[in-house]
Each structure stands twice: as C-alpha cells, then as structure tokens.
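The values are calculated or read from the model by the stated rules, or taken from the named source; none is laboratory data. Note that the coordinates shown come from a computational prediction; the quantities given were computed from them, not determined experimentally. Cβ atoms come from the backbone with ideal geometry, glycine included; neighbour counts cover every protein chain shown. When the accessible area is computed, the model is the full protein with side chains, heavy atoms only, and any ligands, DNA or RNA have been set aside. Shrake-Rupley method; radii C 1.70, N 1.55, O 1.52, S 1.80 Å.
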Amino acid sequence: MAGRNGKKTVGSLVLSLGVCVVAAGTAYVFIPHDDSKEPPVKRVDYQVELLTARRAASYPVAAPTGLTKEWKATSVRYDGAANEAWHLGFLDPKGQYVAVEQSTDKPSRFIDDASQGAEETSRTQRIGDETWQHYKGAKYDALVLKSKGSTTVVTGTAGFGQLTKMAESLELKQDKSA
C-alpha cells in the first residue's frame with residue numbers, strides 16, 4: 001500500500017504544479033502590463049566633476065546656469081587624458097536628449113563624434129557674443145562653437161530651439177587657482 005500512496009502523492013504534486021503554471025500563465029496574459037516602459041532616468045549632480053574639470057582643463061569649461069528644474073542632468077564625465085573631453089548630458093522638459101561636449105581634439109573629428117555624424121550647414125546663429133555653426137544629422141543636430149584651443153558642441157535629439165536654450169544658458173569658466 002505504501003508504494004501506491006507514494007505514486008499518488010507524486011502524481012498529485014505534478015498535477016497541482018501544472019494547474020499553478022496554467023493559472024500563472026493565464027494571469028500574465030490577461031492582466032495588463034507594460035514591458036516596454038523603461039525605468040525613469042536618474043538625475044545626477046555634476047557640481048564636483050564640473051569644479052574638477054574647470055581646474056584641470058586648459059580651456060573654459062561650459063555648464064548651464066538658469067535652466068528650469070525640468071531639465072534633468074543625466075550624465076557627466078571629464079577625461080583629461082582623452083583630449084580633455086568634457087561631457088554633460090541632459091533630458092530637456094520634453095524628454096529629448098541634449099548634451100554639452102567640449103574637447104581639445106581636432107575639431108572635425110570631435111564634431112563628427114559628438115554629433116554622431118551630423119553635417120555642417122550654411123546656417124549660423126549668434127548666441128551672446130559668439131557665432132555658432134548649425135549641423136544637421138539623421139540622429140542628432142548640433143550647434144558648434146570653435147574657440148582657440150577647444151571646440152564646444154551642443155548636440156542631441158532635441159530640436160534647434162532646445163539646443164539654442166542650452167547654448168544660451170552656458171557659462172564658460174576656468175579655475176586656475178589650485
């Protein structure tokens with residue numbers, strides 16, 4: 001008799017497990033869920049990296065001032081060994097990407113990399129006391145400012161209106177007190 005009860009117990013266990021799998025599968029199919037939704041992008045504080053870059057770089061490093069809280073800083077880095085490359089990435093109020101990129105690298109190579117292959121157009125734009133060049137691309141558009149010793153690129157998926165807002169907000173500073 002013990003053998004028969006053992007088989008019934010294993011059979012019952014397999015049957016119960018099967019019922020649970022079917023129930024879970026049915027619930028998964030019929031209960032609404034959104035697998036495409038990505039987790040929200042985390043806001044980063046870039047002040048320490050900005051101060052470090054402004055002390056280390058051979059050029060005035062750009063960072064925005066006066067943007068609304070809806071502009072979310074999402075990434076920051078400074079690499080002195082890689083042509084003094086400064087990067088500050090944002091999401092604008094509509095969720096579009098806008099980045100401030102600076103480097104002492106050869107301008108043509110740097111602009112191509114930063115703008116993901118955008119092409120120079122004939123259009124220029126006066127922002128403050130500087131003339132910025134428009135670049136148009138399949139993925140990113142860009143505003144480019146070539147200065148003595150460095151190049152600044154404001155680029156991203158946002159349109160030229162938002163790129164201009166970022167460029168207008170930029171404060172270029174250098175701290176050689178250290």
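So, restricting to strands (runs of 3 or more DSSP E) that lie completely within the range 132-178, which ones have at least 2 residues that are of a type in the set (Val, Ile, Thr)?
Here the list reads 150-156.
Exactly one residue out of 131, 74 is over 16 Å from residue 47 (Cα atoms) and among the β-branched types (Val, Ile, Thr), and it is 131. Give the residues of the range 93-102 that are open to solvent by less than 50 Å² (accessible area, probe 1.4 Å), of a type outside the set (D, E, K, R) and out of contact with any Ser or Thr (no Cβ under 6 Å at 6 or more places or on another chain), sorted by residue number. Those that are open to solvent by less than 50 Å² (accessible area, probe 1.4 Å), of a type outside the set (D, E, K, R) and out of contact with any Ser or Thr (no Cβ under 6 Å at 6 or more places or on another chain): 95, 98, 100.
Total residues in the range 61-78 satisfying the condition of being open to solvent by 50 Å² or more (accessible area, probe 1.4 Å) and farther than 13 Å from residue 166 by Cβ: the figure is 3. Tell me whether the range 105-116 contains one or more residues that are among the hydroxyl-bearing types (Ser, Thr, Tyr) and closer than 15 Å to residue 151 by Cβ. Yes, the conditions are met somewhere in the range 105-116. Checked against (1) under 30 Å from residue 69 (Cβ atoms); (2) part of a strand (DSSP E or B); (3) touching a residue at least 12 places away in the same chain (Cβ under 8 Å), residue 120 passes all but condition (1).
Name every residue in the range 79-91 that is open to solvent by less than 50 Å² (accessible area, probe 1.4 Å) and either in contact with a Leu (Cβ under 9 Å, 6 or more places away or on another chain) or closer than 22 Å to residue 174 by Cα (or both), in order of residue number. Let's see the steps before the verdict.
Going residue by residue through the range 79-91, those that are open to solvent by less than 50 Å² (accessible area, probe 1.4 Å) are 80, 82, 84-91.
Correct list: 80, 82, 84, 85, 86, 87, 88, 89, 90.
Tell me yes or no: at least one residue of the range 105-119 is among the polar types (S, T, N, Q), out of contact with any Lys or Arg (no Cβ under 9 Å at 6 or more places or on another chain) and crowded, with 16+ Cβ neighbours inside 10 Å. No: zero hits.
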